[in-house]
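Working notes for the structure below.
The values are calculated or read from the model by the stated rules, or taken from the named source; none is laboratory data. Remember, it's a predicted structure, so these values are computed and weren't measured experimentally. Quick reminder, even Gly has a Cβ in these numbers, built from the backbone with ideal geometry, and neighbours come from all protein chains shown.
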Amino acid sequence: MLGWPPMKCPCGSEKNYSECCGIYHSGKETAPTAEALMRSRYAAFAKNQMQYLRDTTDPQSLGDIDDEANQEWAERAKFLKLEIVNAEEKANKGIVEFKAFYSVDDEDYVHHEVSTFRKQAGEWFFKSGKVKEEKKK
Ligand SMILES: [Zn+2]
């Protein structure tokens, strides 16, 4: 083994990036489920694909997104792992609870969020997120 294989998808699927979230980032296909979209958005942060994050955000929510803060975070953070805690879909609504593990300046952090997704014309969009406080260890 030669350490971390560079082309594995950052979302943790164990698939190659080009066969996983890369398909969605390139625009070849759209994410089929809210969970798949969540994973691809995490991978987009890891790959600093800010345009993809904008493209998959509900246009009505775009005004609430701080692009610069997101970009700064994506550039400074090292994305370690994504854990999907729970994912459910009901008709055009999806809810995904996840933990994103990352580090900044060698300090480890967990971003725990419940995200809401909406399906419009067959495509999933990120609508809003609610951050959950992590208990101190
Ligand atoms: Zn992936």
*Which residue pairs have Cβ atoms under 8 Å apart, sit 6 or more places apart or on different chains, and have a first residue in segment 10-25 that is more than 15 Å from Lys81 (Cβ to Cβ) and a second that is among the aromatic types (Phe, Trp, Tyr) and more than 6 Å from the ligand (Cβ to nearest atom)?*
Tyr24/Tyr52; His25/Tyr52
*Hey, any hits in segment 3-17 for a residue that's within 13 Å of the ligand (Cβ to nearest atom), within 21 Å of Val96 (Cα to Cα), hydroxyl-bearing (Ser, Thr, Tyr) and assigned to a helix (DSSP H, G or I)?*
no
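I'd like to check something: does segment 63-76 contain any residue that is closer than 15 Å to Ser115 by Cβ and without any contact (Cβ under 8 Å) to a residue 60 or more places away in the chain? Lay out the reasoning, then the answer.
We begin by selecting, within segment 63-76, every residue closer than 15 Å to Ser115 by Cβ; these are 64-65, 70.
Remaining after also requiring without any contact (Cβ under 8 Å) to a residue 60 or more places away in the chain: 65, 70.
Looking through segment 63-76, at least one residue is closer than 15 Å to Ser115 by Cβ and without any contact (Cβ under 8 Å) to a residue 60 or more places away in the chain.
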_Among the numbered criteria (1) surrounded by fewer than 18 Cβ atoms within 10 Å (Cβ to Cβ); (2) modelled with pLDDT of 95 or more; (3) hydrophobic (A, V, I, L, M, F, W, C), which one does Met1 miss?_
(2)
